[in-house]
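This report concerns only the one structure given below.
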Amino acid sequence: MAELDIPTRRTIEGKNQGKARREALPRKSLGTLGNRHPDFDPVKALEDQAGPRVPELVPLRYDRMAVSPFAFLRGAAAVMAYDLAMTPSTGIDVQLCGDAHLSNFGVFASPERRLIFDVNDFDETLPGPFEWDVKRLAASAAVALSGLGFEEPVVAKVLRRCAGAYRETIRELAGLGTLDVWYRRLDIESSITDLRAMFTDDKGQQVDDIVARARRKDSRQAFTKMVGMIDGSFRFIPDPPIVVPVDDLALVTELGRTRDDVLNEAMDEYARSLSADRQHLLGTYERVDLARKVVGVGSVGTRCFVMLLIGRGFDDPLILQIKEALPSVLESHLGPTHARTAGQRVIEGQRMMQAATDIFLGEFRLNYSADETHDFYVRQFHDAKASVDFTTVDSADNAASYLEICAYTLARAHARSGNRAALNAYIGASDAFDKAITNWALAYKDRNDADYAAFMAARESGRLPTLGPDAPV
């Protein structure tokens, strides 16, 4: 009997939706940047984000954003969300990463202990128009490459390859079976030869360097670097304001509880979000210490912690990262999340987009007082995580090769969470989509430069607080 290739109603409806949206919104329209309201102030958008954050860490956030236009873009997701909302939308929704800049892709270990490459940050995840993620990836590349001294025609060529890789991947995945798409992943070790070949000069060695670095990064390495014997017990080594023991935080006194009380309450709430087998696994570890640990750029100021747990002995540590989950910057434009908590929004989005997720991924809500609660999500702090240092890229071909990998990864995530038939029908086979995304990204690079200049002027005038030139960044 010949194999039947009869599309389902979902596939047919997807194709019809994509074609209809392409007629209503031609692909070249995606290149339109859109105008801001005359009263919009990008600095004010950043100031508004400071409200729910830890006040003493806000200056550190601004200091990290001040390093470069690319660092500014990383921390200014709320500004780009506003600009994306000002542009024409396809209305073809997927699960968005929400912050798909090029530094939010990287290597980590799957539960099967294989190194895979995937999106690795979901703080802003929310369902929305697929092109918003593609535009943020392309714009981040335009800003980063311009900052490295590449001329605009070279940057444009790299961006077209990036957008083309997204388009071609969607086209490929649209023709595959549903489970084939769901199980698709970029396994670093099985693809190592192909990945080396993509980097055509001596930088090809970077692939091996990244793999080696990822293999070294685990809880044991973090334990060696971050933990010491203090007053007869293993504790995180203080390094304020980057690492602050929980005993030194107002958190404990505000809650009116001891460090162990806070530790146990957090873990008990978190455990309830895990499946029974993983609750059992967590229960085999002893809870030892908790400290606030500043991470990233955009996350600075949120309540982020590291927790030390010990298994069979002190040569068997586990360090979990506990990150506060705030409302996504996309929610004011796309509507509120359906999730019960912001932490649940993050982990649901991560499970939807990633090919494999951390076995300790979970969430909880902690009551700081009768009228103040904070949402958190939890994952392993170091689990063979590594990423490309894009500041070392000195070849346009290598930059394009890396961005093609990112674009492939993003397309796979979108194909899992959205209707890939609709995506394929809208994007099409020509390079019209590639050109539109490139035009938007180049225009946004100029806008980001202007916003960065306004941000730096606000720092120099004293409008935005800073920690000073000698502060740790």
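The values are calculated or read from the model by the stated rules, or taken from the named source; none is laboratory data. Here the structure is a predicted model, which is why all the values come from computation and not from measurement. Every residue, glycine among them, receives a Cβ derived from its backbone with ideal geometry; neighbour counts consider all protein chains shown.
Values as computed for the structure displayed
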{"read-out": "Matching residues, the range 39-52, being surrounded by 14 or more Cβ atoms within 10 Å (Cβ to Cβ), modelled with pLDDT of 95 or more and part of a loop (DSSP other than H, G, I, E, B)", "value": "ASP41"}
{"read-out": "Single unsatisfied condition, CYS406 versus (1) at positive phi; (2) within 21 Å of the chain's Cα centre (by Cα)", "value": "(1)"}
{"read-out": "Candidate set from the range 236-277 (those that are modelled with pLDDT of 90 or more and over 21 Å from LYS323 (Cβ atoms)); member that is surrounded by the most Cβ atoms within 10 Å (Cβ to Cβ)", "value": "ASP277"}
{"read-out": "GLY296 vs. criteria in contact with a Phe, Trp or Tyr (Cβ under 6 Å, 6 or more places away or on another chain), more than 21 Å from PHE364 (Cα to Cα) and either among the polar types (S, T, N, Q) or outside the structural domain of ARG61 (by TED's automatic domain parsing) (or both)", "value": "no"}
{"read-out": "Some residue of the range 17-38 being touching a Phe, Trp or Tyr at 6+ places or on another chain (Cβ under 9 Å), surrounded by 21 or more Cβ atoms within 10 Å (Cβ to Cβ) and within 30 Å of LYS293 (Cα to Cα)", "value": "no"}
{"read-out": "Residues being within 23 Å of GLY232 (Cα to Cα) and in contact (Cβ under 8 Å) with a residue 24 or more places away in the chain - total across the range 285-327", "value": "22"}
{"read-out": "Conditions (1) closer than 21 Å to PHE130 by Cα; (2) touching a Cys at 6+ places or on another chain (Cβ under 9 Å): number failed by GLU331", "value": "(2)"}
{"read-out": "Set ARG351, ARG345: member being within 15 Å of the chain's Cα centre (by Cα), within 27 Å of GLU47 (Cα to Cα) and in a helix (DSSP H, G or I)", "value": "ARG345"}
{"read-out": "Residue ID - farthest from PHE381 (Cα to Cα), chosen from residues in the range 310-333 that are in contact with a Leu (Cβ under 9 Å, 6 or more places away or on another chain) and surrounded by fewer than 21 Cβ atoms within 10 Å (Cβ to Cβ)", "value": "HIS333"}
